[in-house]
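Student: What follows is a structure written as C-alpha cells; I'll ask about it next.
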Amino acid sequence: MRGRIKSIINLIIVIALIAIGWSYYSTYNFSDYTKAEYNRGYTKFSRDKEVTYNQTSSYKIENIDYNDAMFYKTITVQPDMVYKVTCKVKTQNVEVKEPNKDAGAHISINNTVEKSDNVVGTTDDWQELEFYFNSQNRTEVELGFRLGGYDSNCKGTAWFTDFTLESGIPNQDKNWKFLCLLIDNLDVTVEKEGREIAYDITMTEQNKSDIIQAIHQFSDSMQTLSEGKMTATCDIFEVTEPITSLSYDAENGYYVAPANMENILKQYDLLEKEYDHIFTIIQTGTNEQGDLIPVNNWIGLGGMEYRGKGFSNIRVPSKENNYFYRYIAGLNTFPQEVLVHEFLHTLERNAKLYGYEIPALHDYAKYGYQEDKQEGQKVWYMDYMNCQIKTNQGNIGLPAEIFTKKSVHVSDFQYTVHMDDLQEPDNILEELNNLWDKIMQMFSGSKQMINTVKEVGT
Ligand SMILES: [Zn+2]
C-alpha cells in the first residue's frame, strides 16, 4: 500500500515537472529564431498564448527601455531573386526615441537598412506588415522581426505572428520609374550658430519651371546617355503640404531623409505605382536673404534608399537668375546633370551591393576626365554608364546588367512560390524535432546586435 502511494506521488511529481518544463518551454521557446539586442538586458523575449491572431502563440518583444531588438532566422535564398515576407503585428505603447526616425515594429534583414514600414503606438487590431526584398548576390539572409531599427531605438511591446515567405519573378525590363516631388514649402526649425531658428521657405515659380524642364531633359536623355541600356519615366508632383523637419549630419549639414516625409511619401502609392527612384526637390533659402538653412555646399545628395528604392535630394538655387537648371546654349547645355549624378549614385550603390567592382562616381579626375564649362561631367557619366572608362587593365564602369536590377515591384508576385521557411511547426513531432537545439537556444540569451548606418553622400 505504502509503496503504491509512493509511486503515485512520484508519478505526480514527474507529471508536475513535465508540466512546468513544458510551460516554461512554450513560453520561452523561440523555435529556430536567434534573439538579438543592441543594449543587452533591456528586452524580454517570450511567447504569448493570450495575445494571438490564430491558434499559435505569438512572439513577443518587450523593450523595457529604449532598445533595438529582434529575432531572426537564416533563410537560404537564390541570388538575384525577389521575395515577399508578411506577418501580423500588434503593438502596445511603442515609442520611438527620437522624432522623424525610421523605427518601430517591422520586418527587416539583419545588418542592413532593408526593412518594411513600421507600426508604432498602440494598435487595437492586428496589422499586416509586408516586406519586399531582392536577394542581390546573397545566398542567405538573416530575416528578422524587430522592435527598434537601424535609425533609432524603441520602447514598448510588439507581438508578431503568422509569418509567410514567398518568392516571385523579378521584373527585368529597362524602364525606370522616377517619382519627382517638388516640395513647395519647407517649414522647419534648424540650429544655426548655436541658436534654433525657424524658417518658412517657399520654392519660387522660376525654380519650379526650371527644375521641371530639367527633369524632362533628364527623362529624355537617359536613353541616349546609357546608349539604350535604360529609359526613364518621370512622374512630377508639386507637394503643397510642407516638410516640417530635416535630418542633419556633420558632413552634409541639413537634408531631407525619407523619415522626414514619410506621411507625404505614403500618399504617392509607391508600391502600386512601382517607382524605382525618388527625387525630393527642395529650396533652402530665399532670393532676398540667400541661403538660410545650413547645408554643406551640396546641390544633390544621394546614395540613400527607401524601401529598396533609390532616394535623393536635389536643391534648387536660393537666388533668382541662376541658370543652374536652365538650358542656355553656349552656357549650360546639360542642366539635368545633378539628377543624372544623383541617380548614378543609386546605380553605383546597387552595383556594389550586387558585388561588382566598379570605379567610384567621384573619381573622374583619377581617370583623366575634366569638368566642361557647358556640359559639366557629361562625358564621364556616359563612359561610366557604358563601361567605357579606359584603364591599363581594360575598360571599366557600370556593368550593363545593373540597368535591369531595379527595386522590387508588387507585380513581381503575380506568380509566386510559397516557401515554408517561416512556417510554425504544426504538430508535436515537428515541435519536438531539434528539441535540444531549441532548449539550448532558449538558455543562450540574446546576441549583440550591430548598428547599421545609412549612407548619405553628395
Ligand atoms: Zn556625388
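The values are calculated or read from the model by the stated rules, or taken from the named source; none is laboratory data. Remember, it's a predicted structure, so these values are computed and weren't measured experimentally. Quick reminder, even Gly has a Cβ in these numbers, built from the backbone with ideal geometry, and neighbours come from all protein chains shown.
Student: Among the candidates L361, L422, single out the residue that is among the hydrophobic types (A, V, I, L, M, F, W, C), touching a helix residue (DSSP H, G or I) at 6+ places or on another chain (Cβ under 7 Å) and closer than 30 Å to K273 by Cβ.
Tutor: Checking each option against the conditions leaves just L361.
Student: If you check E375, E371, E348, which single one turns out to be farther than 19 Å from N175 by Cα, out of contact with any helix residue (DSSP H, G or I) (no Cβ under 8 Å at 6 or more places or on another chain) and of a type in the set (D, E)?
Tutor: The conditions single out E371.
Here is a yes/no grid of residues against (1) assigned to a loop (DSSP other than H, G, I, E, B); (2) crowded, with 22+ Cβ neighbours inside 10 Å; (3) not assigned by TED's automatic domain parsing to the domain that holds K44:
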residue: Q78; (1), (2), (3): yes, no, no
residue: K88; (1), (2), (3): no, no, no
residue: P99; (1), (2), (3): yes, no, no
residue: V113; (1), (2), (3): yes, no, no
residue: D124; (1), (2), (3): yes, no, no
residue: E128; (1), (2), (3): no, no, no
residue: F133; (1), (2), (3): no, yes, no
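Student: Still on this structure: When you check K378 against the structure, is it among the basic types (K, R), in contact (Cβ under 8 Å) with a residue 40 or more places away in the chain and either surrounded by 13 or more Cβ atoms within 10 Å (Cβ to Cβ) or away from the ligand (no atom under 16 Å from the Cβ) (or both), yes or no?
Tutor: So K378 passes the test.
Student: Condition first: of a type outside the set (D, E), in contact with a strand residue (DSSP E or B) (Cβ under 8 Å, 6 or more places away or on another chain) and either surrounded by fewer than 23 Cβ atoms within 10 Å (Cβ to Cβ) or at pLDDT below 95 (or both). Now tell me which residues in region 281-294 satisfy that.
Tutor: G285, T286, L292, I293, P294
Student: Another question, then. Return the pairs, sorted by first residue and then second, in which the second residue is assigned to a strand (DSSP E or B) and exposed (fewer than 15 other Cβ atoms within 10 Å of the Cβ), the first residue lies in region 388-399 and is of a type in the set (A, V, I, L, M), the beta carbons are less than 7 Å apart, and the residues are 6+ apart or on different chains.
Tutor: I389/N395
Student: Test each condition in (1) in a strand (DSSP E or B); (2) closer than 26 Å to V417 by Cβ for Q172 and report the one that comes out false.
Tutor: All conditions are met except number (1).
Student: L422 - would you say it is aliphatic (A, V, I, L, M), farther than 14 Å from E166 by Cα and surrounded by 11 or more Cβ atoms within 10 Å (Cβ to Cβ)?
Tutor: no
Student: Quick one: which residue in R146, R138 is in a strand (DSSP E or B), at negative phi and more than 13 Å from the chain's Cα centre (by Cα)?
Tutor: Just a single option satisfies the conditions, and that option is R146.
Here's the yes/no breakdown for (1) in contact with a helix residue (DSSP H, G or I) (Cβ under 9 Å, 6 or more places away or on another chain); (2) assigned by TED's automatic domain parsing to the domain that holds S108; (3) surrounded by 17 or more Cβ atoms within 10 Å (Cβ to Cβ); (4) hydrophobic (A, V, I, L, M, F, W, C):
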site	(1), (2), (3), (4)
R2	no, no, no, no
I5	no, no, no, yes
I8	no, no, no, yes
L11	no, no, no, yes
I20	no, no, no, yes
Y25	yes, no, no, no
F30	yes, no, yes, yes
Y42	no, yes, yes, no
T52	no, yes, yes, no
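Student: A further question follows. Starting from region 300-317, keep only residues that are under 16 Å from E348 (Cα atoms) and hydroxyl-bearing (S, T, Y), then list their pairs with residues that are within 13 Å of the ligand (Cβ to nearest atom) and part of a strand (DSSP E or B) whose Cβ atoms are within a distance under 7 Å, requiring at least 6 positions of separation or different chains.
Tutor: Short answer, once both residue conditions are applied: S312/G300; S312/L301; S312/G302; S312/M304.
Student: From (1) free of Cβ contacts under 8 Å to residues at least 40 places away in the same chain; (2) among the small types (G, A, S); (3) buried (at least 16 other Cβ atoms within 10 Å of the Cβ), pick out the condition that doesn't hold for A259.
Tutor: Single failed check for A259: (1).
Student: Taking region 139-187 as the region of interest, how many residues are among the β-branched types (V, I, T) and surrounded by 19 or more Cβ atoms within 10 Å (Cβ to Cβ)?
Tutor: 4
Student: Between a first residue in region 224-237 that is assigned by TED's automatic domain parsing to the domain that holds Y268 and a second residue that is in a loop (DSSP other than H, G, I, E, B) and of a type in the set (S, T, N, Q), which pairs have beta carbons less than 7 Å apart while being 6 or more apart in sequence or on different chains?
Tutor: So the pair list comes out as S226/N386; E227/N386.
Student: Another one. Inspect region 221-235 for any residue being closer than 25 Å to E114 by Cα, acidic (D, E) and modelled with pLDDT of 95 or more and give the result as yes or no.
Tutor: Yes, region 221-235 contains a residue that is closer than 25 Å to E114 by Cα, acidic (D, E) and modelled with pLDDT of 95 or more.
Student: Moving to a separate point now. So which residues in region 338-359 are among the small types (G, A, S) and within 15 Å of the ligand (Cβ to nearest atom), if there are any at all?
Tutor: Residue satisfying the conditions is A351 alone.
Student: With respect to the numbered conditions (1) part of a helix (DSSP H, G or I); (2) within 16 Å of the ligand (Cβ to nearest atom), which one is the sole condition not fulfilled by H362?
Tutor: (1)
Student: Give the residue that is farthest from the ligand (Cβ to nearest atom), with candidates limited to residues of region 326-337 that are of a type in the set (A, V, I, L, M, F, W, C) and out of contact with any helix residue (DSSP H, G or I) (no Cβ under 6 Å at 6 or more places or on another chain).
Tutor: A329
Student: Tell me which residues, restricted to region 269-285, are of a type in the set (A, V, I, L, M) and more than 17 Å from the chain's Cα centre (by Cα).
Tutor: I281, I282
Student: Within region 295-323, track down each residue that is buried (at least 16 other Cβ atoms within 10 Å of the Cβ), under 17 Å from M203 (Cα atoms) and more than 16 Å from the ligand (Cβ to nearest atom).
Tutor: V316, P317, S318, listed by residue number.
Student: Assigned to a strand (DSSP E or B) and out of contact with any Ser or Thr (no Cβ under 8 Å at 6 or more places or on another chain): is that true of E62 in this structure?
Tutor: It is false that E62 is assigned to a strand (DSSP E or B) and out of contact with any Ser or Thr (no Cβ under 8 Å at 6 or more places or on another chain).
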